[in-house]
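K.L.:
There's a structure below that I have some questions on.
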Amino acid sequence: MTHAPVPEDTEALLLEHRDIDALLEALLAALSAGALVGSVDALVGSIDAIARLDDAIRVHSGFEEGLFPAAPEKLVTRAGDTAGDPLFRLLRLEHVQIRELSGMIRCVLGDSGDLAGAFTMAANLASRWEAHVRREEKDWLGG
Ligand SMILES: [Fe+2]
Ligand SMILES: [Fe+2]
């Protein structure tokens, strides 16, 4: 189903999705390896991986929001919504949740170095990211 507006350069956004997929995989790998080894180097590697992922998520989602229709005042359905409004409202909400989780992982690793806790959160982030991207590619970018 088409929910205009579809951006002109969908290919660039799709490539960014694949880049972020790879950064997420790298984070999960660093966290699981780090939890086994338990060294300072492993923690530093995980902190580096979440920093790169968190930055990429913020840049990507912020850019997308510039392409979305103007932000609604509230995250609720309103009279006069156009066909695409509920979709973009949901995508914005998912961005907030994804950024929040990514930022929390960054804080947890930086503050406490809790690799196992960060891994659980990163697995949650991966499933949220996957569902979000599937929705964007099907209902927005797939046009
Ligand atoms: Fe998005
Ligand atoms: Fe996206």
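K.L.:
Only one of E64, E16, E25 is touching a His at 6+ places or on another chain (Cβ under 6 Å) and at pLDDT 95 or above; which?
P.N.:
Sole residue among the options that is touching a His at 6+ places or on another chain (Cβ under 6 Å) and at pLDDT 95 or above: E16.
K.L.:
Now, a different point. With respect to L93, is the statement that it is within 14 Å of ligand 2 (Cβ to nearest atom) and either modelled with pLDDT of 95 or more or surrounded by fewer than 17 Cβ atoms within 10 Å (Cβ to Cβ) (or both) true?
P.N.:
Against the criterion (within 14 Å of ligand 2 (Cβ to nearest atom) and either modelled with pLDDT of 95 or more or surrounded by fewer than 17 Cβ atoms within 10 Å (Cβ to Cβ) (or both)), L93 qualifies.
K.L.:
Here's a follow-up. Return the total of residues in segment 113-129 being under 14 Å from L101 (Cα atoms) and either within 12 Å of ligand 2 (Cβ to nearest atom) or out of contact with any Leu (no Cβ under 8 Å at 6 or more places or on another chain) (or both).
P.N.:
Number of matching residues: 4.
K.L.:
Within the set of pairs 6 or more residues apart or between chains, which connect a residue that is more than 20 Å from L43 (Cβ to Cβ) inside segment 116-143 to a residue that is away from ligand 1 (no atom under 14 Å from the Cβ) and of a type in the set (S, T, N, Q) with Cβ atoms less than 8 Å apart?
P.N.:
G143/T2
K.L.:
Are there any pairs, at least 6 apart or on different chains, whose C-beta atoms fall under 6 Å, with the first in segment 50-67 and over 15 Å from E136 (Cβ atoms) and the second within 11 Å of ligand 1 (Cβ to nearest atom) and assigned to a helix (DSSP H, G or I), and if so, which?
P.N.:
Hits for this filter: A56/I20.
K.L.:
Of the numbered conditions (1) over 16 Å from the mean Cα position of the chain (by Cα); (2) at pLDDT 95 or above, P69 fails exactly one; give the number of that condition.
P.N.:
(2)
K.L.:
May I pose another question? Of everything in segment 5-24 that's part of a loop (DSSP other than H, G, I, E, B) and not acidic (D, E), which residue is farthest from A122 (Cα to Cα)?
P.N.:
P5
K.L.:
Can I ask one more? So is A35 under 13 Å from A118 (Cα atoms) and either in contact with a Ser or Thr (Cβ under 8 Å, 6 or more places away or on another chain) or surrounded by fewer than 14 Cβ atoms within 10 Å (Cβ to Cβ) (or both) or not?
P.N.:
When the stated conditions are applied, A35 does not pass them.
The values are calculated or read from the model by the stated rules, or taken from the named source; none is laboratory data. What you are looking at is a predicted structure, and each value in this text was computed from that prediction instead of being measured. With ideal geometry, Cβ positions are generated from the backbone for all residues, glycine too; neighbour counts draw on all protein chains shown.
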